[in-house]
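Down below is the structure, laid out as structure tokens.
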Amino acid sequence: MSQEQSRPRRAADERRPSGGATNINSTLSIIIAVLAVLLGFFILRDIRNDQTGGETSTPTEETIDPTQATLAEVPVETTLVKTAFKVQITNASGMSGTAGQLTTELQGRGYIVQQANNKSEITPKQTVTVVYYLLGSEAGAAAIANELGGVGIAAMPEPIPTESGKLGEASVLVLLGTDIAGKPLGSGAAIVVPTVVPTTTG
């Protein structure tokens, strides 16, 4: 066979798709599939870690039971102005005169404290003192809890546990329990106080 007759065959062979392009496409598909599997593995692992990390409770409008609460830490601002908020002391200890005594002591430390009152009829006697706050007064509540020796703090329950169901001008409420009623005020030296995180009751 002459050289001229074999040339068209070579040209036709050169126009045929080579197996190298097919191999590159297959390799890319395999790499993409492997990456997708690895990405899915990491996403599932993160989701499982989040689920096993513990469920957090959210505050509800139910009355908070301090004995079933979890404790967390909240720093007390050192630049807090004591006269920037008002405090209400509500006696839930059943010990007469203790809320008035605490009111006088806190006033002596520079806080603005309204006239003491008693708990509502539906609020049970408290063995544990809790400092409640309205939204935006968390730092004030932490400062008062610190003054009381490190009691728990929590968002204001609904209904408000005072005998009138109101706070007046106060944004921080001390629901005085038997644990500190009638005892000397704490030193206020602690920088961090425990916080009550409300739990839901089912």
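Quick grid of which residues meet (1) modelled with pLDDT of 95 or more; (2) in a loop (DSSP other than H, G, I, E, B); (3) closer than 11 Å to residue 175 by Cα:
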position	(1), (2), (3)
64	no, yes, no
71	no, no, no
78	no, yes, no
115	yes, yes, no
131	yes, no, yes
136	no, yes, no
146	no, no, no
149	no, yes, no
158	no, yes, no
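If residue 123 passes every condition in (1) on the phi < 0 side of the Ramachandran plot; (2) under 22 Å from the mean Cα position of the chain (by Cα) but one, which one does it miss? Going through (1) on the phi < 0 side of the Ramachandran plot; (2) under 22 Å from the mean Cα position of the chain (by Cα) one by one, residue 123 breaks only (2). Summed over the range 133-153, the residues that are touching a residue at least 60 places away in the same chain (Cβ under 8 Å) and buried (at least 20 other Cβ atoms within 10 Å of the Cβ) give a count of 6. Quick check on the range 89-108: of everything there that is part of a helix (DSSP H, G or I) and not hydroxyl-bearing (Ser, Thr, Tyr), which residue is surrounded by the fewest Cβ atoms within 10 Å (Cβ to Cβ)? Only one residue fits best here, namely 108.
The values are calculated or read from the model by the stated rules, or taken from the named source; none is laboratory data. This is a predicted model, so every value here is computed, not measured. Here Cβ is always computed from backbone atoms with ideal geometry, including for glycine, and neighbour counts include all displayed protein chains.
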